[in-house]
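Accompanying notes for the structure given below.
The values are calculated or read from the model by the stated rules, or taken from the named source; none is laboratory data. What you see is a predicted model; the values in this text were computed from it and never measured. With ideal geometry, Cβ positions are generated from the backbone for all residues, glycine too; neighbour counts draw on all protein chains shown. Ligands, DNA and RNA are excluded from the accessible area calculation, which covers all protein heavy atoms including side chains. Shrake-Rupley method; radii C 1.70, N 1.55, O 1.52, S 1.80 Å.
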Amino acid sequence: MEKFSLNKRLKSFTYACKGIGCLIRNEHNAWIHGVAVVAVVTAGLLFGISRGEWIAVVLCYGMVLAAEAVNTAIEVLVDLVSPQPHPLAGKAKDIAAGAVLITAVTAAIVGCIVFLPYIIGFTMHGDASLFTMY
């Protein structure tokens, strides 16, 4: 087993940041998720959602972005090992994309649970705090 090295741990953060940068620069779906994150954070700030609701929102968008990153990594790896179309390569890519869809739908459901009471309260009474869920 290799001895612990602070320099190697710091270097691993550099690699991780490089991967996140690659994801953000090159993946259109990550851009869409990023826009959704900005919209949700803006809505959370405007409606003054609770601490528990922030936890749910942050966990959801972290989960979606992480799933998108894993999906992208799987797609890149599959393209490397199987440059020609192959049924198993396509199956792996489809399943990875399905994982992103599952997380995105879950996040959307949580978003509805968190934000619909605020939206309904605001549209019906002009006061989003009337229907908050605590």
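I need the full set of residues from the stretch 57-96 which are among the hydrophobic types (A, V, I, L, M, F, W, C) and open to solvent by less than 30 Å² (accessible area, probe 1.4 Å), in order please.
VAL57, CYS60, VAL64, ALA67, VAL78, ALA89, ALA96 - these are the residues of the stretch 57-96 that are among the hydrophobic types (A, V, I, L, M, F, W, C) and open to solvent by less than 30 Å² (accessible area, probe 1.4 Å).
Just to check your reading of the model, which residue among GLY48, GLY62, GLY21 is out of contact with any Gly (no Cβ under 9 Å at 6 or more places or on another chain) and over 30 Å from TYR118 (Cα atoms)?
Checking each option against the conditions leaves just GLY21.
Identify, by number, the condition in (1) of a type outside the set (Ser, Thr, Tyr); (2) at pLDDT 95 or above; (3) part of a loop (DSSP other than H, G, I, E, B) that GLU2 doesn't meet.
If we test GLU2 against (1) of a type outside the set (Ser, Thr, Tyr); (2) at pLDDT 95 or above; (3) part of a loop (DSSP other than H, G, I, E, B), just (2) comes out false.
If the Cβ limit is 8 Å and pairs must be 6+ apart or interchain, which residue in the stretch 1-29 that is closer than 25 Å to ALA67 by Cβ pairs with which residue that is open to solvent by 100 Å² or more (accessible area, probe 1.4 Å) and part of a helix (DSSP H, G or I)?
Listed by first residue and then by second, the contacts come to ILE24/TRP31.
Residues that are within 28 Å of LEU23 (Cα to Cα), modelled with pLDDT of 95 or more, part of a helix (DSSP H, G or I) and open to solvent by 30 Å² or more (accessible area, probe 1.4 Å): does the stretch 46-53 have at least one?
First pass over the stretch 46-53, keeping only residues within 28 Å of LEU23 (Cα to Cα): 53.
Remaining after also requiring modelled with pLDDT of 95 or more: 53.
If we keep only those that are part of a helix (DSSP H, G or I) too, we end up with 53.
This time we only want the ones that are open to solvent by 30 Å² or more (accessible area, probe 1.4 Å), so: none.
Within the stretch 46-53, not a single residue is within 28 Å of LEU23 (Cα to Cα), modelled with pLDDT of 95 or more, part of a helix (DSSP H, G or I) and open to solvent by 30 Å² or more (accessible area, probe 1.4 Å).
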